[in-house]
Amino acid sequence: MSAQIIDGKAIAEKVREEVRQGVANMQAEHNYVPGLATVLVGEDPASATYVRSKQRTCEQLGIRSIGHHMPADSTQEEVETLVRQLNADPNVNGILVQLPLPKHLDEEAILNSIDLEKDVDGFHPVNIGRLAMKGRNPLFIPCTPAGCMRLLSETGVELNGANAVVLGRSNIVGLPMAMLLQKANATVTICHSRTKDLPGMLRQADVVIAAVGRTEMVTGDMLKPGAAVIDVGINQKEDATRKRGYRLVGDVDFESAKEVAGAITPVPGGVGPMTIAMLMENTLRAAEISLAKK
Ligand code: NDP
């Protein structure tokens with residue numbers, strides 16, 4: 001039997017519509033418009049594309065977008081000074097520093113300098129710490145893992161008591177994802193490049209989150225029948241039939257996996273659209289936190 005295909009585009013549109021409505025209500029009731037500041041350092045084309053896409057989505061939802069583009073040779077002090085100015089600006093609710101930063105900059109120090117209440121990416125160590133601790137809640141959850149959780153809840157996947165395997169342990173996806181699943185009462189196994197018998201681990205999993213960055217490495221024969229599979233990976237696969245010479249595929253071999261899984265996200269059109277939608281949700285939340293303090 002073929003799996004249910006989880007439609008990330010449709011679910012992301014639902015999240016965007018909720019945010020659009022929330023922004024409109026805030027404007028009507030409080031005469032206040034949420035603002036998101038983006039900080040792009042350097043000329044990396046992929047980063048520039050991501051930032052443009054975030055700014056465009058802000059505009060579509062009625063969120064004010066404030067763009068800062070700094071030269072690639074900006075100093076640590078210059079970037080941190082800008083972040084401090086944005087921390088102090090009452091019209092800025094969220095600050096997004098686009099990663100990766102140029103190599104000479106200390107990413108950790110820059111992320112730490114973002115005001116906790118404006119940390120809409122959810123990467124501040126205090127937010128991650130709260131996510132890890134029992135009985136504590138972060139102000140913001142990192143956008144990609146938050147998007148995966150929303151995809152699972154919209155699909156009706158039971159997490160309470162489920163065996164979940166998270167493939168990958170990065171700070172931005174794998175680690176926060178594992179913590180979220182644990183908070184939702186799943187029994188979580190984190191797998192990485194040193195894991196022995198990955199297929200054996202995967203075959204126990206009711207829920208699989210693949211965030212590795214390896215083309216189609218998870219195949220259908222590694223999955224438990226009926227498992228829910230969320231594929232975060234974005235990889236380029238050679239394809240001579242495409243004008244650009246490649247197509248985008250995930251970490252999961254979709255064709256074989258969909259014959260075994262109960263539900264599965266496609267790539268593209270699964271997790272990808274969710275990430276920016278969750279950033280917009282976090283920005284609205286940041287504005288709500290700021291209004292509540294007034
Ligand atoms: P990282 O490179 O930071 O982390 C990859 C993780 O995968 C590491 O923990 C690594 O293990 C593990 N890994 C690597 N090779 C293997 C292997 N052969 N077997 C098991 N585990 C392995 O990647 P990210 O977390 O940043 O991103 C992962 C993927 O998700 C990428 O394809 C990226 O493009 C995509 N992505 C998609 C987003 C979206 O919006 N859809 C957003 C962010 C990322 P170890 O720790 O041991 O090195």
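The values are calculated or read from the model by the stated rules, or taken from the named source; none is laboratory data. Please read these numbers as outputs of a predicted model, since none were measured by experiment. With ideal geometry, Cβ positions are generated from the backbone for all residues, glycine too; neighbour counts draw on all protein chains shown. Heavy atoms of the whole protein, side chains included, go into the accessibility calculation; ligands, DNA and RNA do not. Shrake-Rupley method; radii C 1.70, N 1.55, O 1.52, S 1.80 Å.
Could you please find all residues in the stretch 263-294 being assigned to a helix (DSSP H, G or I) and of a type outside the set (A, V, I, L, M, F, W, C)? I'd like the intermediate steps shown before the answer.
First, pick out the residues of the stretch 263-294 that are assigned to a helix (DSSP H, G or I): 272-293.
GLY272, PRO273, THR275, GLU281, ASN282, THR283, ARG285, GLU288, SER290, LYS293, listed by residue number.
Given the conditions (1) under 26 Å from ASP7 (Cα atoms); (2) open to solvent by 10 Å² or more (accessible area, probe 1.4 Å); (3) within 14 Å of the ligand (Cβ to nearest atom), which single one is not true for ASP197?
(1)
Taking LEU167 as meeting all but one of (1) within 14 Å of ASP251 (Cα to Cα); (2) free of Cβ contacts under 8 Å to residues at least 60 places away in the same chain; (3) within 16 Å of the ligand (Cβ to nearest atom), write down the number of the exception.
For LEU167, the exception is condition (2).
What's the number of the only condition in (1) crowded, with 20+ Cβ neighbours inside 10 Å; (2) more than 18 Å from SER153 (Cβ to Cβ); (3) in the same structural domain as GLY168 (by TED's automatic domain parsing) that ALA261 fails to meet?
(2)
For the stretch 211-245, name all the residues that are open to solvent by 60 Å² or more (accessible area, probe 1.4 Å) and more than 11 Å from the ligand (Cβ to nearest atom).
Across the stretch 211-245, the qualifying residues are ASP221, LYS224, PRO225, LYS237, GLU238, ALA240, THR241, ARG242, LYS243, ARG244.
So which residues in the stretch 253-279 are within 11 Å of the ligand (Cβ to nearest atom) and of a type outside the set (S, T, N, Q), if there are any at all?
Here is the first cut: in the stretch 253-279, the residues within 11 Å of the ligand (Cβ to nearest atom) are 265, 267-279.
Within the stretch 253-279, VAL267, PRO268, GLY269, GLY270, VAL271, GLY272, PRO273, MET274, ILE276, ALA277, MET278, LEU279 qualify.
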